[in-house]
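Chemist: Would you mind keeping the following structure in view while I ask a few things?
The values are calculated or read from the model by the stated rules, or taken from the named source; none is laboratory data. Since the structure is predicted, the reported quantities are computational estimates derived from the model, not experimental observations. Because the Cβ atoms are built from the backbone with ideal geometry, glycine has one as well, and the counts that use them run over all protein chains shown.
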Amino acid sequence: MGKIEWAMWANEQALAAGFIYLTGGIVGVAGQFSGWKFAAFGIAAGVFVCLLEYPRSKRIKGTNFERTGQYCFTVCVKAFGPLTRNYYVRAFLHAVLCIPGGFMLATVLGCVCLGIASLIYLSAAIHGEHWEPILPEAEPTKHVSQSIKQPPQNPPPRPPADMRRKRLDDLEAAAYVNPIPVRE
Amino acid sequence: MGLSLRSWIANEGGKHCILITWLSVSAWIFWRTFILYCSGAEYHYLHKMLGLGLCISRASATVLNLNCSLVLLPMCRSILTVLRGTRQVSSKKARRLLDKSKTFHVTCGVAICVFSVVHVGAHLVNVVSFSVRYSDEFPALNVAHYRGQSVPGITGVLLVLVLFLMFTASSHSVRVGNYEIFWYTHNLFILFYVVLLMHVVGGALKYQTNVDAHPPGCIPANQTRAHSDTWPNQEVDGELVAESREMSLVCKEDAHFQPHFPQTWLWVLGPLCLYCGERLYRYIRCNASVTIVSVVRHPCDVIEVRMLKNSFKARPGQTLTVPGGLTCPTENKETFGIHVRVVGDWTDVLCPDWKLCCAACPRLYVDGPFGSPSEEVFNYEVSVCVAGGIGVTPFACIMHALLDEWRRYKLQRLYFVWVCRELNSFYWFAELLCGLHRKLWEQNRPDYLNIRLYLTTAQELQNLTDEKYRPLHSRLLIGRPKLKLLFEEIGRSNQHKKVGVFCCAPKGVSRELHKLCNSFSASGTVFEYNKESFS
């Protein structure tokens, strides 16, 4: 909670809208309604939007939820650089793609849903969000500390065994000071 | 380990029964409506005009009616809490089914979306049929005003739009990341239902009222007279037979058509009123704001807020809704407290020095208490509680209750497994755990409470060095819990018993636990799985 990430919701909407656009287009073409050419455009636009929106962006804060098998899509979308990173571009693109859908009854729903997604992307862009690819993190190489490479050659300095033996009769003499200070 | 039938039935049986019942009822009403519109006499002319599109759209509409009424019922949480509390009425099996109310709500929601797609598709075909097969014979049946007109259903488009907004904001990632978006879009349900009630009043599809007087397929009276004039030379018998056959096929009246009474109102109004009543009750109850008595800062970004509210009574294990999610109250005579993680919204504003800045403290509205699976811990002889991080709060209230009086419950043994990422998290409830442990030892029940603490991310050896937390010191293990070995140990010590397993932990742990509960078959012990979720 805290800061709302609009882009996450816009992404879910755009993916669902792409699917609705695609379905409406298929119905329009299959039923041979008048204006089926708009339906054919709807199919193409729907597929394109689904492919573009499938890879989720990295969240600003918190755990990332990847979609199954989204890595290859992430690589493709990342390749377009600033065109796909910027949400203003996405908002504009969705707005342009949805307009032809409004001319035919079968695709009008896809048009409206994609339009709403476009508006939410605009809101995300205004809030300064952008698309970040979720890439698998490289394992950091374990640094082996210097001291392991050079183990000590000699045992720690100790007085001889009979001096170390506990002598209850003469406690004062039994005490000794370690030549090397013991660290906590 | 493969599935154990006994364990699977104990854990999954009830759920699957409900699912199969719901599927069968949906399939039956779909089929019944489909057949009615396909071959019913009063829909004969309409069917001729529209074809399969009519049957599919009406059948899917009936399934939509069923699901739109059922989807509201699991969300009447106060009513479900009361049902859970009435021990005389419901058995433990029924209460465990109530735990799955949210899952049932989601299932009905998904069914609504799927059948809406079917319904819209069929109606699109109907629109074309209304346009192309414009009927000159029965003008009352037409929806288009002329041949070739396309008629959009405005209310239908609005419904799908609202459904689209609600559905896209309910995905797991949006719920976890931005709970407010989910909450506010889901409250559009009221708009959905208002438009739905208007949608069915349209009366586009009509049925024939006078089937007796005008059997479908009959010949109009003026046409029969013309027919008999052209055949004057028939044999007497043949003429009588032919005429009598024609007499039964002659229309006595013209066909009358009438739109249906909106059946959806009968399905939907009851649950809608019930749910709206419940929301109103919750709003009134939660409007009595709570007074914050103290705020204590705990390590690892957790604060404990102790509050005072009039006539607040929560049973141990119940949950509360605060802005931002659910949490579990721990009662302490007059006040009740909650532990919440600081995530940067209202939690940031609450400062530990409340005495100094009480005027600036925000007013808190809490909704609840609601029933939850964790209330069942006391109804088993042996219970296992597995908590992950902040998910320990339901079990903390259980332990508070045990600290007060452990003798009056059916519970004889409690295994408590708490998995945390950081050592400091254990300090949230270290005192409570040690206090309960000490009390049980003093009262000669050392085997009652078994504590296992696990620290998952530790680079070097760590321990709870405080002298007063000695009992926890020796029960702290580094690394993830080996749940299979734990279950085997519990099974050996509690043979032929029913053990309640309660989990409030991340998905990985809860999934593993669920699998173990379904597949455990040694020593005659049955593990019943109960899951708590906070999203």
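Chemist: Looking only at residues in segment A:71-89 that are without any contact (Cβ under 8 Å) to a residue 40 or more places away in the chain and under 17 Å from A:Gly128 (Cβ atoms), which one is farthest from the other protein chains (Cβ to nearest Cβ)?
Modeler: A:Pro82
Chemist: So which pairs qualify, if the first residue must be in segment B:370-387 and at pLDDT 85 or above and of a type in the set (Gly, Ala, Ser), the second must be crowded, with 24+ Cβ neighbours inside 10 Å and not in a strand (DSSP E or B), the Cβ gap must be under 6 Å, and the two must be at least 6 apart or on different chains?
Modeler: What qualifies is B:Ser383/B:Val377; B:Ala387/B:Phe395.
Chemist: Answer yes or no: is there a residue in segment B:304-325 that is in contact with a strand residue (DSSP E or B) (Cβ under 6 Å, 6 or more places away or on another chain), in a strand (DSSP E or B), closer than 19 Å to B:Glu376 by Cβ and at pLDDT below 70.
Modeler: For segment B:304-325, residues in contact with a strand residue (DSSP E or B) (Cβ under 6 Å, 6 or more places away or on another chain), in a strand (DSSP E or B), closer than 19 Å to B:Glu376 by Cβ and at pLDDT below 70: absent.
The rows are residues; the columns are (1) among the aliphatic types (A, V, I, L, M); (2) away from every other protein chain (no Cβ under 14 Å); (3) farther than 22 Å from B:Val120 by Cα; (4) part of a helix (DSSP H, G or I).
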{"site": "B:Met166", "(1), (2), (3), (4)": "yes, no, no, yes"}
{"site": "B:Arg175", "(1), (2), (3), (4)": "no, no, yes, yes"}
{"site": "B:Leu191", "(1), (2), (3), (4)": "yes, yes, no, yes"}
{"site": "B:Leu196", "(1), (2), (3), (4)": "yes, yes, no, yes"}
{"site": "B:Pro216", "(1), (2), (3), (4)": "no, yes, yes, no"}
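Chemist: From the list A:Thr23, A:Thr68, A:Thr63, which one is out of contact with any Phe, Trp or Tyr (no Cβ under 7 Å at 6 or more places or on another chain), within 9 Å of chain B (Cβ to nearest Cβ) and free of Cβ contacts under 8 Å to residues at least 60 places away in the same chain?
Modeler: Selected residue: A:Thr63, the only one of A:Thr23, A:Thr68, A:Thr63 that is out of contact with any Phe, Trp or Tyr (no Cβ under 7 Å at 6 or more places or on another chain), within 9 Å of chain B (Cβ to nearest Cβ) and free of Cβ contacts under 8 Å to residues at least 60 places away in the same chain.
Chemist: Moving on to the next point. Residues that are touching a residue at least 12 places away in the same chain (Cβ under 8 Å) and touching a Cys at 6+ places or on another chain (Cβ under 8 Å): list the helices (runs of 4 or more DSSP H) wholly contained in segment B:7-110 that include at least 1 such residues.
Modeler: B:52-70
Chemist: List the residue pairs whose Cβ atoms are under 8 Å apart, where the first residue sits in segment A:109-132 and is under 9 Å from A:Trp6 (Cβ atoms) and assigned to a helix (DSSP H, G or I), the second is modelled with pLDDT under 90 and among the aromatic types (Phe, Trp, Tyr), and the two are 6 or more positions apart or on different chains.
Modeler: If the second residue must be modelled with pLDDT under 90 and among the aromatic types (Phe, Trp, Tyr), the pairs left are A:Ile120/A:Trp6; A:Tyr121/A:Trp6; A:Ser123/A:Trp6; A:Ala124/A:Trp6.
Chemist: On to the next question. I'd like to check something: does segment B:143-151 contain any residue that is on the phi < 0 side of the Ramachandran plot, within 14 Å of another protein chain (Cβ to nearest Cβ) and at pLDDT 80 or above?
Modeler: no
Chemist: Within segment B:284-297, can you find the residues that are in contact with an Asp or Glu (Cβ under 6 Å, 6 or more places away or on another chain) and either under 16 Å from B:Gly389 (Cα atoms) or assigned to a strand (DSSP E or B) (or both)?
Modeler: B:Val296
Chemist: Among the candidates A:Val77, A:Val96, A:Val89, A:Val49, which residue alone is crowded, with 20+ Cβ neighbours inside 10 Å and over 18 Å from the mean Cα position of the chain (by Cα)?
Modeler: From the options A:Val77, A:Val96, A:Val89, A:Val49, the qualifying one is A:Val49.
Chemist: Within segment A:26-35, track down each residue that is free of Cβ contacts under 8 Å to residues at least 40 places away in the same chain and part of a helix (DSSP H, G or I).
Modeler: A:Ile26, A:Val29, A:Ala30
Chemist: Working only within segment A:26-56, note down all residues that are of a type in the set (Phe, Trp, Tyr) and within 9 Å of chain B (Cβ to nearest Cβ).
Modeler: A:Phe33 - this is the single residue of segment A:26-56 that is of a type in the set (Phe, Trp, Tyr) and within 9 Å of chain B (Cβ to nearest Cβ).
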